[in-house]
Amino acid sequence: MQKLFLLCLTAAMMVGTTANAQEKKYPEPEKMSPGMSEYWTPQPKVVTPGSITTNTAPSDAIVLFDGKDLSKWENSKGEAAGWDVRQGVVTVNKKAGDIRTKETFGSFQLHIEWSVPRGIHGSSQARGNSGIFLQGKYEVQVLDNYQNETYVNGMVGSIYKQTPPLVNPMRKPGEWNVYDIIYTAPVFKEDGTYLYHPRVTVILNGVVVQNNTEILGTTEYIGFPRTVKHEEGPIVLQSHGDPSEPISFRNIWIRKM
Ligand code: MG
């Protein structure tokens, strides 16, 4: 008897629930119009692009080298950068050592052109070796790898001793190579380890060689990348001790992001 009662009660409850679901009406989502998913402000700033034919910087860039002087640069002791400026290009002076920007940067877009002298001598790493250090710590390799092989994680377009380039779009000595480097600065935890590693996209002569690559840590010639907490840092151009003829740079500009 009790069993039958419980069965009836359960059945009644089920009917009630179904009836409620049928009766209860919820609002329909409002009808969308195309404009509801479009927004107009803030409008990105208008920037005048540089000329491709004359290789000029866009209007909002900081010009780091315009062919005239190295006033935006210094050596590693904070003294005048002792590299040679002639006919619109700056050539590495191996005796003067590395040079760095006086200004420091976080995330940025960097444009830099470089050329290996025609008839350069040497092989592997000892041929047109230089480098671009992002925030003074992470090297994008500069090297003459036109018909010159070396270890792949140390070749042109590599994050030195970390990540080889996807391809080798190097031009031959005497011609100008163009790097466009899009760099996202790291974020550190309080304990000095990375919350977010630095990341970099590198385009060499219009070809992607690093695609949003995670940088593991500082560039070390011997040993593994290290984690070193840092603030904004300079762009450093490497004066490498290899015995080959020195390379040149021109048209260097940077946009902060
Ligand atoms: Mg180097």
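The values are calculated or read from the model by the stated rules, or taken from the named source; none is laboratory data. This is a predicted model, so every value here is computed, not measured. A quick note on method: Cβ atoms are made from the backbone with ideal geometry, for glycine too, and the neighbour counts reach across all protein chains shown.
Determine which member of the set 241, 223 is within 15 Å of the ligand (Cβ to nearest atom) and over 18 Å from the mean Cα position of the chain (by Cα).
Criteria check complete, one pass: 241.
Residues that are within 9 Å of the ligand (Cβ to nearest atom), closer than 22 Å to residue 89 by Cα and either free of Cβ contacts under 8 Å to residues at least 40 places away in the same chain or in a loop (DSSP other than H, G, I, E, B) (or both) within the range 116-143 comprise 129, 141, 143, listed in sequence order. Of the strands (runs of 3 or more DSSP E) lying entirely inside the range 59-112, those containing at least 3 residues that are under 21 Å from residue 129 (Cβ atoms) and touching a residue at least 60 places away in the same chain (Cβ under 8 Å) are 89-91, 99-101.
Residue by residue, here is whether (1) crowded, with 16+ Cβ neighbours inside 10 Å; (2) modelled with pLDDT under 95; (3) of a type outside the set (Ser, Thr, Tyr); (4) more than 16 Å from the ligand (Cβ to nearest atom) holds:
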| position | (1), (2), (3), (4) |
| --- | --- |
| 109 | yes, no, yes, yes |
| 112 | yes, no, yes, no |
| 145 | yes, no, yes, no |
| 174 | no, no, yes, yes |
| 196 | no, no, no, yes |
| 199 | yes, no, yes, yes |
| 202 | yes, no, yes, no |
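Residue check: residue 167 meets all listed conditions (1) under 28 Å from residue 231 (Cβ atoms); (2) surrounded by fewer than 16 Cβ atoms within 10 Å (Cβ to Cβ) but one, namely (1). Filtering the range 80-107 to residues that are surrounded by 19 or more Cβ atoms within 10 Å (Cβ to Cβ), within 15 Å of the ligand (Cβ to nearest atom) and closer than 18 Å to residue 173 by Cβ leaves only 92.
In the set 199, 171, only one residue is within 11 Å of the chain's Cα centre (by Cα) and not polar (S, T, N, Q); that residue is 199.
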